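See structure below.
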């Protein structure tokens, strides 16, 4: 009774989510710090508000605050989503029909493939070149390719493609390019400015990482108003709830908090990267809140298992034809010290 | 650059959502009363919890509580969603491919058609017969029809099809039958028991109506475990946020509150129905938290406009080939008195 595409597809498996407090959790790029206090206040206040009433379908209070915080021309450049996963789903449904194709770099975020599978669409992966550069093939026009995803900074590498290069890729493509900026708050550059110059460049953001709101589910799309308007047809009427809208609106007013938390986390990240290099890892320079590292001789899976048996969760990732390694999220300094100590023991 | 199906489709338009407190809102079947206090406490408590961590992908605390509250064999019979709209989307994506068809009765919930449109699928409407009975055509097997939706109680009519009749329809169909029980808490019967007897009968529920949690977005599906498991592949990994899971879990413990609120609202509904009949309306006997009424001579649109100009919002609905009328949600007794007084003035 199900669509045949479902039987064939493997479900996307998110990182392990053990019960809270049971371990040092460095496997899903969450923020180790709680969200801004103003956000928590906004939630409790909204909880005492008219929860019996449907929320604003377009989350306009958030859109106004976000346009202001990000320096966008207006709220009509923003589409709010129930996490950026919701936005990614809307994008795939908006641009890619059954039997058509989407493109992603490799290795990157596996979820794009799952979204194609669910849609009955195909996906093609373009491998990164040495030094995490994108080959010309990534920007090649192709009538069957209806959407291209570029996570930037990328996961698992934490590497970034410059806005100038992104603009060039978009120019050569014949379809929209979605720059998934889940980790952009930790980087020095982003592609927001490009959206105003090219209606086929779109940027997605999430509050799950830098804002410490993974539990809240809130993400958004930045695109030209006519694109936002058309994509709005696809979203659930009330895709964001009243509490999430209140929380996200409050978060947009916390730019100082955000700047401070990113400086703090990036300092921890750089310290972790230096130490990992000292103990023999090849560490990819990261612009995100995690570090990708590979050891020339040690068994990555064994290190992951040893850490796990000591209540430290990192992400072991194995990319066929490409290699495996460890992706370690930035935790508190204490958590990273504990993790590094255990890795040394494992070697 | 968009899929052609989008250009052709009309977006679903939810009922008007004016700024809170501006008017008597009887147009979207919300609960006029706030949710149970335990739910608000649960939200505030969860807001102070680990919001920086991803929520439980399957919302297991809710599933356990709901299975218990509803007398289901276990949590694996439940799929949680970001509102029942999320569940309806998952169902369409799970069963209906591009170019295939879904079936719905007419008049009923317009959203099913929108969901088919987004999917690039077709829809067919089977008109209710006199007395809101379903004709044999509604249960006719057809290889191209991949999913049948039956809102029960139905909107806008508030009428209900008996579980025995639902079982018979499901037997004759060649595809799954989704019984959308958004309003079932206000009715005397429901189809939960049928799910255990037939793996092609599924029931959807929402916390938006009876629990007074429209602002929260939480709905769920009851189906056999193998169906839940397959449909889980389609949902966003973290479709329900930590606050919604906490709220919904707490709500499942409020069965006494629920019983009382439904008795209270049904009393108001029946009083409204009696009065509307007294002043000349044909009132369809309702098993939901709204009443559908038609006046033999008065202009329904004009009544709606007059009410709106007096800060009372009801739903004017016009179903081509079938007729128009007013759908009035159950409000507080004071709100309904105000509405009835204004309707009398409008006549």
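The values are calculated or read from the model by the stated rules, or taken from the named source; none is laboratory data. Since the structure is predicted, the reported quantities are computational estimates derived from the model, not experimental observations. Heads up, the Cβs are rebuilt from the backbone with ideal geometry, glycines too, and the neighbour counts pull from every protein chain shown.
Please find, within the range B:127-138, the residue that is nearest to residue A:90 (Cα to Cα) out of those that are in a helix (DSSP H, G or I) and over 19 Å from the mean Cα position of the chain (by Cα). Here the answer is B:138. Taking the criterion of being away from chain B (no Cβ under 11 Å), part of a helix (DSSP H, G or I) and surrounded by fewer than 20 Cβ atoms within 10 Å (Cβ to Cβ), would at least one residue in the range A:196-209 satisfy it? Yes, because at least one residue in the range A:196-209 is away from chain B (no Cβ under 11 Å), part of a helix (DSSP H, G or I) and surrounded by fewer than 20 Cβ atoms within 10 Å (Cβ to Cβ). From the list B:276, B:326, B:258, B:340, the one residue that fits, being farther than 29 Å from residue B:43 by Cα and within 19 Å of the chain's Cα centre (by Cα), is B:326.
Please go through the range B:182-195 and give me each residue that is assigned to a helix (DSSP H, G or I) and closer than 13 Å to residue B:287 by Cβ, ordered by number. Spell out how you get there, then give the answer.
In the first step, residues of the range B:182-195 are kept if they are assigned to a helix (DSSP H, G or I); the result is B:184-186, B:192-195.
Listed by number, the residues that qualify are B:184, B:185, B:186.
Which residues, taken from the range B:24-57, are farther than 23 Å from residue B:158 by Cβ and in contact with a strand residue (DSSP E or B) (Cβ under 8 Å, 6 or more places away or on another chain)? Step through it out loud before you land on a result.
Initially, the range B:24-57 is screened for residues farther than 23 Å from residue B:158 by Cβ, giving B:34, B:36-57.
Once the filter is applied, which keeps residues that are farther than 23 Å from residue B:158 by Cβ and in contact with a strand residue (DSSP E or B) (Cβ under 8 Å, 6 or more places away or on another chain), the range B:24-57 yields only B:53.
Can you say whether residue B:166 is part of a strand (DSSP E or B) and not assigned by TED's automatic domain parsing to the domain that holds residue B:314, as far as the supplied structure shows? No: the conditions fail for residue B:166.
Per this entry, residue B:212 is not counted among residues that are out of contact with any helix residue (DSSP H, G or I) (no Cβ under 7 Å at 6 or more places or on another chain), at pLDDT 95 or above, more than 14 Å from every other protein chain (Cβ to nearest Cβ) and closer than 30 Å to residue A:56 by Cβ. Here residue B:341 passes the criteria (1) out of contact with any helix residue (DSSP H, G or I) (no Cβ under 9 Å at 6 or more places or on another chain); (2) over 30 Å from residue B:80 (Cβ atoms); (3) touching a residue at least 60 places away in the same chain (Cβ under 8 Å) except the one numbered (3). When residue B:338 is tested against (1) at pLDDT 95 or above; (2) closer than 24 Å to residue B:154 by Cβ, just one condition goes unmet, and that condition is (2).
Taking residue A:311 as the residue in question, decide whether it is in contact (Cβ under 8 Å) with a residue 60 or more places away in the chain, more than 19 Å from residue A:155 (Cβ to Cβ) and loosely packed, with under 14 Cβ neighbours inside 10 Å. So residue A:311 passes the test.
Kindly provide the set of residues from the range A:105-131 that are over 19 Å from residue A:9 (Cβ atoms) and surrounded by fewer than 18 Cβ atoms within 10 Å (Cβ to Cβ), ordered by number. Matches in the range A:105-131: A:127, A:129, A:130, A:131. Taking the range A:92-109 as the range and being more than 12 Å from residue B:118 (Cα to Cα) and in contact with a strand residue (DSSP E or B) (Cβ under 7 Å, 6 or more places away or on another chain) as the test, the residues that pass are A:100, A:101, A:102, A:103, A:104, A:105, A:106, A:107, A:108, A:109.
If you check A:229, A:237, which single one turns out to be part of a helix (DSSP H, G or I), surrounded by fewer than 24 Cβ atoms within 10 Å (Cβ to Cβ), within 14 Å of chain B (Cβ to nearest Cβ) and more than 19 Å from the chain's Cα centre (by Cα)? Break it down stepwise before answering.
Values: A:237 fails: part of a helix (DSSP H, G or I).
When all the criteria are applied, what remains is A:229.
Across the range B:142-164, what is the number of residues that are crowded, with 17+ Cβ neighbours inside 10 Å and without any contact (Cβ under 8 Å) to a residue 40 or more places away in the chain? Give the steps one after another, and end with the answer.
The first filter runs over the range B:142-164 and keeps only residues crowded, with 17+ Cβ neighbours inside 10 Å, leaving B:145-161, B:163.
The next check asks that each one be without any contact (Cβ under 8 Å) to a residue 40 or more places away in the chain; those that pass are B:152, B:161, B:163.
Going through the range B:142-164 one residue at a time, the tally reaches 3.
In the set B:131, B:158, only one residue is under 25 Å from residue B:325 (Cα atoms) and at pLDDT below 95; that residue is B:131. Within the range B:3-18, the set of residues being more than 7 Å from chain A (Cβ to nearest Cβ) and in a helix (DSSP H, G or I) comprises B:4, B:5, B:7, B:8.
For the condition touching a residue at least 12 places away in the same chain (Cβ under 8 Å), touching a strand residue (DSSP E or B) at 6+ places or on another chain (Cβ under 7 Å), crowded, with 24+ Cβ neighbours inside 10 Å and away from chain B (no Cβ under 12 Å), what is the one hit in A:192, A:221?
Matching residue, one of A:192, A:221: A:221.
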